[in-house]
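Everything below concerns the one structure shown next.
The values are calculated or read from the model by the stated rules, or taken from the named source; none is laboratory data. These figures come from a predicted structure and were not determined experimentally. Every residue, glycine among them, receives a Cβ derived from its backbone with ideal geometry; neighbour counts consider all protein chains shown.
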2 protein chains.
Amino acid sequence: MSPDHDRAPRSPAVSRRGLFGAVGAGALAVGGGALAGRISAGAGATGHDGSEPFRGPHQSGIITPAQDRLHFVAFDVHTESRTELIELLETWTVMAERMTAGQEASPGGAVGGGTHQPPGDTGEALDLPAAHLTLTIGFGPTLFTTSGGADRFGIAPRKPRALTELPRFTRDALDPARSGGDIAIQACADDPQVAVHAIRNLARAGFGAVSVRWSQLGFGRTSSTSAAQTTPRNLFGFKDGTRNIKSEDHDAVSRFVWVDPRDDQAWLGGGSYLVARRIQMLIEPWDRTSLHEQQRVIGRSKSTGAPLGATHEFDELDLQSAGPTGPLIDTAAHVRLASAEELGGIQILRRGYNFTDGSDGFGHLDAGLFFIAYCRNPQTQFVPMQHNLARNDALNEYIEHVGSAVFAVPPGPGPGEYWGSTLFAT
Amino acid sequence: MSPDHDRAPRSPAVSRRGLFGAVGAGALAVGGGALAGRISAGAGATGHDGSEPFRGPHQSGIITPAQDRLHFVAFDVHTESRTELIELLETWTVMAERMTAGQEASPGGAVGGGTHQPPGDTGEALDLPAAHLTLTIGFGPTLFTTSGGADRFGIAPRKPRALTELPRFTRDALDPARSGGDIAIQACADDPQVAVHAIRNLARAGFGAVSVRWSQLGFGRTSSTSAAQTTPRNLFGFKDGTRNIKSEDHDAVSRFVWVDPRDDQAWLGGGSYLVARRIQMLIEPWDRTSLHEQQRVIGRSKSTGAPLGATHEFDELDLQSAGPTGPLIDTAAHVRLASAEELGGIQILRRGYNFTDGSDGFGHLDAGLFFIAYCRNPQTQFVPMQHNLARNDALNEYIEHVGSAVFAVPPGPGPGEYWGSTLFAT
């Protein structure tokens, strides 16, 4: 990103300063007709400059080839003004479109703002490329109806049926401080500083209206979302996501990822649902088990990623044959219990990241997998899959789910639209 | 890294299994004569495969061109056996040399170990290159003498005079859980998974003898240590480390970084001292200030990094001239107070990283700079510099030091030597 000097002249007539008085300093610099003038109709393929499209029928960051790094944030919304919320979404849309294109968060940017105004960008991504940044927004159940039942923004009647809090799964050990949230934004990029910069500037613009409930840095992707990508390894040392839905599989994407407008609420057509789970890995007991046991638990070869009994990573699972001491693939093997074969054909699109966050307070690293899944209906895809895993998975001895959240992900903004505009359209 | 199959045959005569009973499973796979057979005399320049040298007069990871990512760990040592501590250092040396060369942590690796033994490597860096991994060890004051005064390992008489706990600086807000430690290991690499993998495998090998006191992931470097590198930006959006000591400046490195054996304790000759400070950035108030104020506080142009009143990043500081409303560079500007000119010629080698660790619990991102400095004598370099900054720096309104530690960094291991062998030589 380089500073641009094309800041729109401030026009008192269109200044949104008054409206944003409570939304924070960052929003100010976006003002001056920026919304009307800067939203382009542009959409389409990855740019020559390493930028991903921002507009289109679907948000980027879902079937986009998984970038290397993640910064994810969940916000609590404090304003109770529908107008202010919509203004924030409009501001965020302008900023997000700019940042994904490799520009600063707002015109004028990090070296703008003048003597008295703060700069419109925090500056740590100056000189950095777009790095395939995608920003993807989702709305939690509590945005529609608070836990007290309040419809703060007049959108309760538009709450999709599938957007309910996830049920309590066996062995869940959820920390409320790492769960839930009214709005989520997922930033993925190949440079972590670009992802962190984007979230930080969006949080800044929301100051007063929203606050950071929790955030998660993911240092390395654990899934591929394109057939052109190699399968990365999780912190158990296994290739993860071999059977993930790939963006090239249009039928599966259409069937399992994108919400059809006829599914439920028309405003969500072209959108999806995001399920986030912070999965703590108990790496100490895992590291004390033998390769044999690890491969039994997962159901795959650690070396090649091939299903047990097969040769190559992408060979089919053999769930029927017997092995030397029982089924070739254990009845409690993770790969079996998560398989479409076991689940009546259910699939999800995974997009998780490895994390490590200091010490667990007991002398070990606090490490694990920040699981992200996109699905067309979490109640009929993620929930039955997770029930099956939570009850039976041999891996449960080595993991603990400590955070959880679900969000409805609106469709991509069309020309002139803002994030979530279909939800608020009257 | 790819699995290697050259595991040394296990010889009962040289097996260190018994010795490592208390040190943990990971250490087992290193046994079998590995120490004698695998330590090569190799040292020198960066390899064609992106590997950094492990052996030599100085440890790598100090003047090595700063890699992009960091994982840093501080351990508490629980064993009180000198023999066990030395054995752990020997094991770590073998593992560290292997991993920095792009090999797995131990022969046999992630797909070794057999039916009953755990694998010798956790596997998440399989398929990944060396990524310029460096591993750098340091010994804290409490390794020599516990806070209760105990000399657990017979090394109290070898404690360097300069290795004392840092004094309390004005405004310090230190969290004991993020401070101190008996042993530190810094892992730097261009791939975060490679750095995390290295720390995780070393922690694993130490299980029972040491535990993780705290650890810190740094997602982006904030300093350059080579004239060939561009200057990165910190989370205040400013280029950071413009005047850092560069490895090409042999005089400065020799004068300010490497301990001379005649300085104090001969065993530390060729070593250095590492000072770590977790600096929380109060990004919310910072983001509300004007560019003018930000530049006054830092003393540089945010855009170019040039000192105020100058044109180019590497132009000299003009600490004498007057500006429009006072000194050109404010008397409280960070760049002035940290300058060699103000400090009687003192310099340090910085090697810090940006971090972000979730929410601060008050609705903002928990973000900042994990400051790492190497110096020949922290008491005469870092301490006076930090006193000057802590008392006077205009930046103090926007930062808080919440973690602190100091370590003596032994020289690089020579052929056949282990990390810290000069300390334990009798």
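Things worth noting here:
- Residue satisfying all of: in region B:73-103; small (Gly, Ala, Ser) and surrounded by 22 or more Cβ atoms within 10 Å (Cβ to Cβ); nearest to the chain's Cα centre (by Cα) among these: B:Ala74
- Subset of region A:354-392 [assigned to a helix (DSSP H, G or I) and of a type in the set (A, V, I, L, M)]: A:Val383, A:Met385, A:Leu389, A:Ala390
- Annotation note: Cβ proximity below 6 Å between a residue of region A:210-225 that is farther than 17 Å from A:Gln67 by Cβ and modelled with pLDDT of 95 or more and a residue that is assigned to a strand (DSSP E or B) and charged (D, E, K, R) (sequence gap 6+ or interchain) occurs for A:Ser211/A:Asp76; A:Arg213/A:Asp76.
- Extreme residue, nearest to A:Ala125 (Cα to Cα), among residues of region A:200-211 that are at the interface with chain B (Cβ under 7 Å from one of its Cβ atoms) and surrounded by 24 or more Cβ atoms within 10 Å (Cβ to Cβ): A:Arg200
- Every test in (1) over 30 Å from B:Pro157 (Cα atoms); (2) in contact with a Phe, Trp or Tyr (Cβ under 9 Å, 6 or more places away or on another chain) is passed by B:Gly403 save one, and that test is (1).
- If the condition is being crowded, with 17+ Cβ neighbours inside 10 Å and either under 17 Å from A:Val253 (Cα atoms) or polar (S, T, N, Q) (or both), then region A:331-342 contributes only A:Ser339.
- The helices (runs of 4 or more DSSP H) found wholly in region A:240-308 and carrying at least 1 residues that are within 14 Å of chain B (Cβ to nearest Cβ) and modelled with pLDDT under 95 occupy A:283-287, A:291-298.
- Some residue of region A:266-279 being among the basic types (Lys, Arg), crowded, with 21+ Cβ neighbours inside 10 Å and touching a residue at least 12 places away in the same chain (Cβ under 8 Å): yes
- Some residue of region B:369-390 being within 14 Å of chain A (Cβ to nearest Cβ), touching a residue at least 60 places away in the same chain (Cβ under 8 Å) and over 16 Å from the mean Cα position of the chain (by Cα): no
- Just one of the numbered conditions (1) farther than 30 Å from A:Leu369 by Cα; (2) within 14 Å of chain B (Cβ to nearest Cβ) is not true of A:Leu88: (2).
- Test set (1) hydroxyl-bearing (Ser, Thr, Tyr); (2) farther than 23 Å from B:Ser226 by Cβ; (3) touching a residue at least 12 places away in the same chain (Cβ under 8 Å) - B:Ser359 fails condition number: (3)
- Considering the conditions (1) touching a residue at least 12 places away in the same chain (Cβ under 8 Å); (2) within 14 Å of chain A (Cβ to nearest Cβ); (3) of a type outside the set (A, V, I, L, M), B:Thr83 is excluded by exactly one of them, (2).
- Among (1) buried (at least 18 other Cβ atoms within 10 Å of the Cβ); (2) at pLDDT 95 or above - the single one A:Gly345 does not satisfy: (1)
- Output for region A:186-196, where each listed residue is among the hydrophobic types (A, V, I, L, M, F, W, C) and either part of a helix (DSSP H, G or I) or at the interface with chain B (Cβ under 10 Å from one of its Cβ atoms) (or both): A:Val194, A:Ala195, A:Val196
- When we screen B:Leu395, B:Leu349 for residues that are touching a strand residue (DSSP E or B) at 6+ places or on another chain (Cβ under 9 Å) and among the hydrophobic types (A, V, I, L, M, F, W, C), the only hit is B:Leu349.
- Total residues in region A:119-136, condition crowded, with 24+ Cβ neighbours inside 10 Å, farther than 13 Å from A:Ala195 by Cβ and not β-branched (Val, Ile, Thr): 4
- In the set (1) crowded, with 24+ Cβ neighbours inside 10 Å; (2) in contact with a helix residue (DSSP H, G or I) (Cβ under 6 Å, 6 or more places away or on another chain), the condition left unmet by A:Leu70 is number (2).
- Which listed residue is within 14 Å of chain B (Cβ to nearest Cβ), part of a loop (DSSP other than H, G, I, E, B), under 30 Å from A:Gly352 (Cβ atoms) and among the charged types (D, E, K, R), from A:Asp121, A:Asp76: A:Asp121
- B:Ile199 passes every criterion in (1) without any contact (Cβ under 8 Å) to a residue 40 or more places away in the chain; (2) in a helix (DSSP H, G or I) apart from (1).
- Odd one out for B:Ser106, checked against (1) at pLDDT 95 or above; (2) crowded, with 24+ Cβ neighbours inside 10 Å; (3) assigned to a loop (DSSP other than H, G, I, E, B); (4) away from chain A (no Cβ under 11 Å): (1)
- Scan region A:151-179 for residues that are more than 14 Å from chain B (Cβ to nearest Cβ) and either without any contact (Cβ under 8 Å) to a residue 60 or more places away in the chain or outside any loop (DSSP other than H, G, I, E, B) (or both) and the total you get is 5.
- Some residue of region B:316-334 being within 14 Å of chain A (Cβ to nearest Cβ), in contact with a Leu (Cβ under 8 Å, 6 or more places away or on another chain) and within 28 Å of B:Trp214 (Cβ to Cβ): no
- Residue in region A:356-363 that is farther than 30 Å from A:Asp182 by Cβ and more than 10 Å from every other protein chain (Cβ to nearest Cβ) present: no
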